[in-house]
């Protein structure tokens, strides 16, 4: 393993978002908190959630994991797309780095950004709302695995996109709808049977539901089923990303 090259690329990717932290960390935290304020006030008495759980308490875990996922995707996808557009992707491909080392550097950086933003949302929310923690292990595993999945998908999108318009298409028509329709703002048990079935086809639903279980101890489906689904998704996305990197698709030719 090219340890020096891997550490250098990872450091570069970490500094890339940390140098503009106001845009990449603080802005998403503030935006997510606005969701909390607006939705908790507007839907508090209109949305049916788990018995004995206030809507604001129900909402916070979903918003935290939503922030994690969106920012993990944004970090890896924008970095690769920008590197291709500006032409400095050649400086990343020329060093003796394997496709696995490239994958690890980009994905770890994406996970770090997602986790930092999610932690910021959680800390800010707990200043106003008391959030229980049922199982820290589930919280940690779901946060890591889910951010790894979205970091991998971000790399796939970044490899595929030739310009930011295409990347925006991927984010606005795939990632954003799947995130908002994943049960972040509601329990799918309140939906008609047909829409419950549709929700079960959404992979992000299992990430949100399993992560929320770690806080509240209740979920729409078994947390073990959700965890299995997320782990399988992580393995699948990792395999696809590594295949694209190894082939050099839209990177070397």
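The values are calculated or read from the model by the stated rules, or taken from the named source; none is laboratory data. Computed from a prediction, not measured in an experiment: that's the story for all the values here. Note that we place each Cβ from the backbone using ideal geometry, even for glycine, and neighbour counts take in every protein chain shown.
Odds and ends about this structure:
- Any chance residue 58 is within 21 Å of the chain's Cα centre (by Cα), part of a helix (DSSP H, G or I), over 27 Å from residue 110 (Cα atoms) and at pLDDT below 95: no
- Single condition residue 131 does not satisfy, out of (1) over 11 Å from the mean Cα position of the chain (by Cα); (2) buried (at least 18 other Cβ atoms within 10 Å of the Cβ); (3) more than 30 Å from residue 249 (Cα to Cα): (2)
- Residue in the range 140-161 that is surrounded by fewer than 15 Cβ atoms within 10 Å (Cβ to Cβ) and in a helix (DSSP H, G or I) present: yes
- Within the range 215-241, being more than 16 Å from the chain's Cα centre (by Cα), surrounded by fewer than 18 Cβ atoms within 10 Å (Cβ to Cβ) and touching a residue at least 40 places away in the same chain (Cβ under 8 Å) holds for 217, 218, 240.
- Qualifying residue in the range 65-75 (condition: surrounded by fewer than 20 Cβ atoms within 10 Å (Cβ to Cβ) and either under 17 Å from the mean Cα position of the chain (by Cα) or in a helix (DSSP H, G or I) (or both)): no
- Complete set of residues in the range 17-47 that are over 25 Å from residue 63 (Cβ atoms) and in a helix (DSSP H, G or I): none
- Test result for residue 94, at pLDDT 95 or above, more than 17 Å from residue 121 (Cα to Cα) and exposed (fewer than 13 other Cβ atoms within 10 Å of the Cβ): no
- Residue within the range 12-23 that is in contact with a helix residue (DSSP H, G or I) (Cβ under 7 Å, 6 or more places away or on another chain) and within 22 Å of residue 205 (Cβ to Cβ) present: no
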